[in-house]
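First comes the structure, then the notes that go with it.
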Amino acid sequence: MTEGVVNVLDDKEDWFGPAWQGWHSYDQFVQSVKSDLRYVRSPSANGFLDEVLASCPSRKLTIPKDRIFWRARLGCEWQEVEQTDGEITAVVEEDRPYRAEGMKPIPNWQSEGRANPRGIPCLYVADDRDTALAEVRPWIGATISLAQLQVNRELTVIDCSRHHAKGSFVKVIGKSDLTRDDGIWIAIDQAFATPVSKDVEAREYVATQILAELFKAAGFDGIVYKSLLTDKGYNLALFNLADADVINCGLYSTNSIRFDFRESGNTYFVSPKRVTDESKSKAAAAKG
């Protein structure tokens, strides 16, 4: 390898800029906790978390007492009611939204999310109705219980919603006006916003769950992040289930779902099988 090539490789991080270095440090952290050391972390992973913690004041956000949020849950309860038609009285079951206690996770809830591991639940809410409904991924005809919740005290949360657009890492390459901290938070914002399928969430949520515990241990009440299931909606993960109270709950059903697709990879083409002269001869001999 020539000296010129070596110098180019050595200077790559300087050429990409400090924001890219911050983005890259998040990617290294993710790979470390997913594939190497998770509970007793490497020095580099702990160093990354120290950087994040030191820059948290720049992402502090206050949510006022009495702010209203929304939370949805697939399904409903049934209540037996009497219906009378002339001299005939029948008992039938009618759909009812879940009771207030059913619209919150229970302690030791065994479902995990991007801000909580199994057994340590968070209260996930959205800032508007449609976002809350979309976040439960309903199917057409699904019945959904939808509640409004009111925050019962002033909350201090981490704002992870500023840079959620896909392709953000390309925008940080060579940007001299962005700092290393900017690159780190751009990566964190996108990680919290990106939807994850159920079959891989246990692995893909590891990094954001560790970050959420970092914020929780530092005294923050929750995390705000962008929902990519609606254009304008935001989600809030509250660490304390008691920080918001259910004030009403109703039933909704899914009438339609709109899908929007784009090609995300190259198409391949399958060539027809080439039949050689030898194979043709063998086939003819077999028939004869």
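Taken together, the values in this text are just the output of simple stated rules run on the coordinates, not laboratory data. Just so you know, these numbers come straight off a predicted model, no measurement behind them. No Cβ is skipped: glycine too gets one built from the backbone with ideal geometry, and neighbour counts run over all protein chains shown.
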*Once fully extended, how much extra length lies between Gln28 and Thr179, figured as 0.36 nm per residue of separation less the alpha-carbon to alpha-carbon distance?*
52.6 nm
_Fluctuation leader among Tyr39, Tyr225, Tyr252 - the chain, Gaussian network, Cα springs under 10 angstrom_ = Tyr39
*Taking a ≥ b ≥ c as the square roots of the eigenvalues of the Cα gyration tensor of the chain, is the shape rounded (a/c under 1.5), prolate (a/b larger than b/c) or oblate?*
oblate
*Would you mind calculating the gained length between Lys232 and Ser58 on full extension (0.36 nm times residue separation, minus the Cα-Cα distance), in nm to one decimal?*
60.4 nm
*asked:* Run through the stretch 161-251 and list the trypsin sites (Lys or Arg not before Pro) located in a DSSP loop whose Cβ has at most 10 other Cβ atoms within 10 Å.
replied: Lys166, Lys198, Lys232
*First select every other residue whose beta carbon is under 10 angstrom from the beta carbon of Pro97; then total the charges, Lys and Arg +1, Asp and Glu -1.*
+1
*Evaluate the distance, in nm, between pseudo-label points positioned 7 Å from the Cα of Arg38 and of Ile140 along their respective Cα→Cβ axes.*
3.8
*May I ask for the net charge around Ile120, where only other residues with Cβ less than 14 Å from the Cβ of Ile120 are counted and Lys, Arg are +1 while Asp, Glu are -1?*
+1
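At 10 °C and 1.306 mPa s, grab the translational diffusion coefficient of the stretch 56-193 from Stokes-Einstein with a Kirkwood Rh over Cα pairs, rounded to a whole number in µm² per second.
85
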*Residue order, fewest to most beta carbons within 10 Å, for Lys65, Lys34*: Lys65, Lys34
*In the stretch 3-253, lysine pairs closer than 18 Å at Cα, eight or more apart or cross-chain*: 8
*Asn116's amide H: which non-local residues (gap 5+, or another chain) put their own amide H closer than 5 Å, with H modeled 1.01 Å from N in plane and none for Pro or chain starts?*
none
_For the pair Ala100/Asn248, report the inter-label distance in nm, with labels modelled 7 Å from Cα in the Cβ direction._
1.5
*Helix-only mean residue ellipticity at 222 nm for the chain, each DSSP H run of n ≥ 4 adding -39500 (n - 2.57), per residue, nearest 500*: -9500 deg cm²/dmol
*Going 7 Å from the Cα of Asp159 toward and past its Cβ, which residues in the stretch 25-57 have a backbone nitrogen under 19 Å from where you end up?*
52-57
_Top of Ala19, Ala218, Ala115 by mean-square fluctuation, Gaussian network on the chain, Cα under 10 Å_ = Ala218
*Calculated from backbone phi, Karplus (6.51, -1.76, 1.60) coupling profile of the stretch 100-112 in Hz, x at Gly/Pro*: 4, 5, x, 9, 10, x, 8, x, 6, 3, 8, 9, 10
*Helix runs (DSSP H) in the chain reaching 18 Å along axis by Cα, Kyte-Doolittle at least 0.0*: 180-193
*By how many nm would the segment from Glu80 to Asn255 grow when fully extended, if each residue of separation counts as 0.36 nm and the alpha-carbon distance is taken off?*
60.4 nm
*Determine the relative contact order of the stretch 3-253: mean sequence separation of Cα pairs under 8 Å and six or more apart, normalised by residue count, in whole percent.*
30
